[in-house]
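Asks: This is the structure I have questions about; it appears just below.
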Amino acid sequence: MINITLPDGSVKQYESGSTPMDVAQSISAGLARQVISAKFNGETVETTTALTTDGDLILLTFRDDAGKQAFWHSTSHVMAQAIQELYPGVKLTIGPSIENGFYYDIDFGDQKVSENDFPEIEKRILEIARGKHEFKMRSVSKQDALDFYKSENNKFKVELIENLEDGEITFCDHDSFTDLCRGGHIPNTGFIKAVKLMSTAGAYWRGDENNDQLTRVYGISFPKQKELKEYLALLEEAKKRDHRKLGKELGLFTFSQKVGQGLPLWLPKGAALRNRLENFMKDAQEEAGYEPVVTPHIGHKELYETSGHYAKYGEDSFQPIKTPNEGEEYLLKPMNCPHHCEIFNSEAWSYRDLPKRFAEFGTVYRYEQSGELHGLTRVRGFTQDDAHIFCTADQLDDEFKKVIDLVLYVFGSLGFEDFTAQVSLRDPEDKTKYIGSDENWKKAEQAILNAAKEKGLNYVVETGEAAFYGPKLDFMVKDALGRQWQLGTIQVDYNLPERFELEYKGNDNEMHRPVMIHRAPFGSMERFVAILLEHTAGSFPLWLMPKQAIILSISEKYEKYSKKVLSLLKNHEIRADVDHRGETMGKKIREAEMNKIPYMLIIGEKEAENNQISVRKHGGEDLGAMSVEDFAKIIQTEIDKNLKTFEV
């Protein structure tokens, strides 16, 4: 008998050789019908895999991320079969699952495939799927595997096999199709009820431009047609919300090839939006006891060698800047933390002075590959709402919890209500990726876990996802379309204080190392604005909007009264403009709607006579005629509702 531990902690005994499906059926027939894959001791396995040792078992359905990965990986096999049948002689390479769907890289030779061919391929995929062919894994000797693919004249698979150890090679069979595969499939093809091929792209074999160019075919699949329809509708909505499109329409930012790829230019409206976000954060930070600092855009190479950043990220940085002095090199600043360490080092501190909280909206530069650049979400120059807290070990728990409070305040004020926290720990099996002692890592990891529990956060633990210098707490936020983004991070660091020899005098008159907390609730201003744009579709919270109202005058006769209304609005600190153009009212309203302006204040003869404004809300709701003072109360009420009060 073997002991199987389930996710709820219960332990059940089964005969050795039992499968995950046997376990599912022993729990309930309903569960067994939904199970499509499983994880045993952290490794994805088939539902038919024989379990012969004690272990932890997680049964996966399509609702689970790992279940989706198994589903999409299995579909990539079926797509490969369909393409191989429809395009004889193609050479298959690799076909993994990805975040949304799957792809397969294929050498089509002289044949061509385009989106016009997708319906025929999709039709064949579904025909194969209806056959309910089982996915069966089998071990193959290295020689047999090589012989198989040499007979198919597939040099790509041969190259893969040559880099594998004999005894560790497996094939997956379904229907008449065989593929080199490590495993992780659904029980049979019949689970695949809906499929959509999305696009093709060029891809070099193994990502090397010196190798053969292949055609990458992207697709996605679902166990229900309804789910595919919902996904495609979501994609259409995502296109409408694309921050690059909205940023252009709303006049927030632009890019210039002459300035350089990945270097955004903020336009007046975007700069104003960004300034409001910065001021919002600065006010909260001041309340929480942070002190502003400013550091240069460059730093001596030695600075980043001391911190360890150059050894870890030197290849991803811009090339060093050489000066006329022999051997003197500077880097565009890739991180703010080493600079803040040197600020701390500039004075002598006592335990009575701590914690010290240094905050800076610091611009940093990293050389992202041009193919990875994407609007504001992946750039080469970006500004972090960075802060570093230097505290005693006894202050660590309290300081960490205060930072969590600040992050929750930011999310609450900006409408991010659906989020989970991720505690990222180091990989205990591979400590070479990290710096620092086991003792310090253990203390840092425990501090984060304690804070997450005490704050009642909904959190998950991810091993191996820590920064190289310390564990961290990342906030994973779901936007209005259900997409997950990493926003806000807090990291505990015992290592940089060690490397920079930071010290303070304790109450025992001895010198001690402070603990360092890195934190950035926004992350980067660029990425945060992009995510906020897509989350709100450009209709930001009222307190953040570039223009909160626009005055639409029916004719030039009311220009004087319009200016009076504008002056009154400014007295109430309401950001507004006047549209005096001789366009029709319908056109003015349409343009105001397109520009996402929250309120339209219409002025005609009746309003001018009665010292009133007629208020129309973005989206079409008519609030009727009222005084400017009453309108100001509406604005303030809405702002108070959205903009939370930060309490230390």
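The values are calculated or read from the model by the stated rules, or taken from the named source; none is laboratory data. Since the structure is predicted, the reported quantities are computational estimates derived from the model, not experimental observations. So basically every Cβ, Gly included, is an ideal-geometry build from the backbone, and we count neighbours across all protein chains shown.
Asks: Output the number of the condition that Y434 fails; it satisfies all remaining conditions of (1) buried (at least 22 other Cβ atoms within 10 Å of the Cβ); (2) touching a Lys or Arg at 6+ places or on another chain (Cβ under 7 Å); (3) not acidic (D, E).
Replies: Every condition holds for Y434 apart from (1).
Asks: Then there's this: What are the pairs, 6+ residues apart or on separate chains, where a residue within the range 297-325 that is outside the structural domain of P338 (by TED's automatic domain parsing) and acidic (D, E) has its Cβ under 9 Å from a residue that is at pLDDT 90 or above and surrounded by fewer than 17 Cβ atoms within 10 Å (Cβ to Cβ)?
Replies: none
Asks: For W441, which of the numbered conditions (1) farther than 30 Å from Y304 by Cα; (2) over 23 Å from the mean Cα position of the chain (by Cα); (3) crowded, with 19+ Cβ neighbours inside 10 Å fails to hold?
Replies: (1)
Asks: Does the range 28-58 hold any residues that are over 28 Å from the mean Cα position of the chain (by Cα), surrounded by 15 or more Cβ atoms within 10 Å (Cβ to Cβ), among the hydrophobic types (A, V, I, L, M, F, W, C) and farther than 17 Å from K136 by Cα, and which are they?
Replies: Within the range 28-58, A32, L57 qualify.
Asks: Please determine, by comparing only the residues of the range 583-599 that are of a type in the set (A, V, I, L, M) and over 35 Å from the mean Cα position of the chain (by Cα), which one is surrounded by the most Cβ atoms within 10 Å (Cβ to Cβ). Steps first, please.
Replies: First pass over the range 583-599, keeping only residues of a type in the set (A, V, I, L, M): 585, 589, 592, 594, 597.
Add one more test, that the residue is over 35 Å from the mean Cα position of the chain (by Cα), and what stays is 585, 589.
Working: M585: 15, I589: 19.
Of everything passing the filter in the range 583-599, I589 is surrounded by the most Cβ atoms within 10 Å (Cβ to Cβ).
Asks: Then there's this: With the requirement that a residue be over 18 Å from N610 (Cβ atoms) and under 43 Å from the mean Cα position of the chain (by Cα), what does the range 568-582 give you? Steps first, please.
Replies: Restricting attention to the range 568-582, the residues satisfying the condition of being over 18 Å from N610 (Cβ atoms) are 570-582.
Correct list: K570, N571, H572, E573, I574, R575, A576, D577, V578, D579, H580, R581.
Asks: Also: Taking the range 506-544 as the search range and keeping residues that are over 17 Å from the mean Cα position of the chain (by Cα) and small (G, A, S), which one is nearest to F419 (Cα to Cα)?
Replies: Step by step, filter the range 506-544, then rank; the result is A537.
Asks: Among the numbered criteria (1) in contact with an Asp or Glu (Cβ under 6 Å, 6 or more places away or on another chain); (2) assigned to a helix (DSSP H, G or I); (3) among the acidic types (D, E), which single criterion is violated by D386?
Replies: Of the numbered conditions (1) in contact with an Asp or Glu (Cβ under 6 Å, 6 or more places away or on another chain); (2) assigned to a helix (DSSP H, G or I); (3) among the acidic types (D, E), the odd one out for D386 is (2).
Asks: Let me ask something else. Out of A38, A50, which single residue is closer than 23 Å to F222 by Cα and not assigned by TED's automatic domain parsing to the domain that holds I220?
Replies: Unique residue meeting the criteria: A38.
Asks: Give all pairs with beta carbons closer than 6 Å in which a residue from the range 63-82 that is at pLDDT 95 or above meets a residue that is part of a helix (DSSP H, G or I) and of a type in the set (D, E, K, R); count only pairs at least 6 apart in sequence or on separate chains.
Replies: Final answer for the pair search is A82/R124.
Asks: Right, next: For the range 320-338, which positions are over 27 Å from the mean Cα position of the chain (by Cα) and not aliphatic (A, V, I, L, M)?
Replies: P320, K322, T323, P324, N325, E326, G327, E328, E329, Y330
Asks: Could you look through the range 190-215, keep only residues that are within 30 Å of D166 (Cβ to Cβ) and touching a helix residue (DSSP H, G or I) at 6+ places or on another chain (Cβ under 7 Å), and pick out the one that is surrounded by the most Cβ atoms within 10 Å (Cβ to Cβ)? Working first, answer last.
Replies: Quick first cut of the range 190-215, residues within 30 Å of D166 (Cβ to Cβ) only: 203-208, 210-212, 214.
Right, trim to touching a helix residue (DSSP H, G or I) at 6+ places or on another chain (Cβ under 7 Å) and you get 205, 211-212, 214.
Working: W205: 18, N211: 13, D212: 15, L214: 22.
Checking each candidate, the answer is L214.
Asks: Which strands (runs of 3 or more DSSP E) sit wholly inside the range 1-56 and have at least 1 residues that are free of Cβ contacts under 8 Å to residues at least 40 places away in the same chain?
Replies: Hits in the range 1-56: 11-14, 37-40, 43-45.
Asks: In addition: Among the numbered criteria (1) buried (at least 16 other Cβ atoms within 10 Å of the Cβ); (2) over 23 Å from the mean Cα position of the chain (by Cα); (3) at positive phi, which one does G262 miss?
Replies: (2)
Asks: Further, regarding this structure: Looking for something outside any helix (DSSP H, G or I) and at pLDDT 90 or above - is there at least one such residue anywhere in the range 481-490?
Replies: Taking every residue of the range 481-490 in turn, at least one turns out to be outside any helix (DSSP H, G or I) and at pLDDT 90 or above.
Asks: Say whether the condition of being in contact (Cβ under 8 Å) with a residue 40 or more places away in the chain, touching a strand residue (DSSP E or B) at 6+ places or on another chain (Cβ under 6 Å) and over 17 Å from E46 (Cα atoms) is met by at least one residue in the range 162-179.
Replies: No, the conditions are met nowhere in the range 162-179.
Asks: How many residues does the range 443-463 hold that are touching a residue at least 40 places away in the same chain (Cβ under 8 Å), under 20 Å from F419 (Cβ atoms), assigned to a helix (DSSP H, G or I) and of a type in the set (D, E, K, R)?
Replies: The total comes to 1.
Asks: Considering only the range 501-528, state which residues are in a strand (DSSP E or B) and either in contact with a helix residue (DSSP H, G or I) (Cβ under 8 Å, 6 or more places away or on another chain) or not assigned by TED's automatic domain parsing to the domain that holds P264 (or both).
Replies: Hits for the range 501-528 are Y504, K505, H512, V515, M516, I517, H518, R519.
Asks: Please work out if S176 is surrounded by 15 or more Cβ atoms within 10 Å (Cβ to Cβ), small (G, A, S) and in contact with a helix residue (DSSP H, G or I) (Cβ under 9 Å, 6 or more places away or on another chain).
Replies: no
Asks: Taking the conditions exactly as written (within 20 Å of R130 (Cα to Cα), in a loop (DSSP other than H, G, I, E, B) and in contact with a Phe, Trp or Tyr (Cβ under 9 Å, 6 or more places away or on another chain)), does F71 satisfy them or not? Please lay out each step first, then the result.
Replies: Working: within 20 Å of R130 (Cα to Cα): yes; in a loop (DSSP other than H, G, I, E, B): no; in contact with a Phe, Trp or Tyr (Cβ under 9 Å, 6 or more places away or on another chain): yes.
Taking the combined requirement at face value, the residue does not satisfy it.
Asks: So N345 ticks every box in (1) modelled with pLDDT under 95; (2) polar (S, T, N, Q); (3) within 28 Å of F500 (Cβ to Cβ); (4) surrounded by fewer than 15 Cβ atoms within 10 Å (Cβ to Cβ) but one. Which box is left unticked?
Replies: Evaluating N345 over (1) modelled with pLDDT under 95; (2) polar (S, T, N, Q); (3) within 28 Å of F500 (Cβ to Cβ); (4) surrounded by fewer than 15 Cβ atoms within 10 Å (Cβ to Cβ) leaves (1) as the failure.
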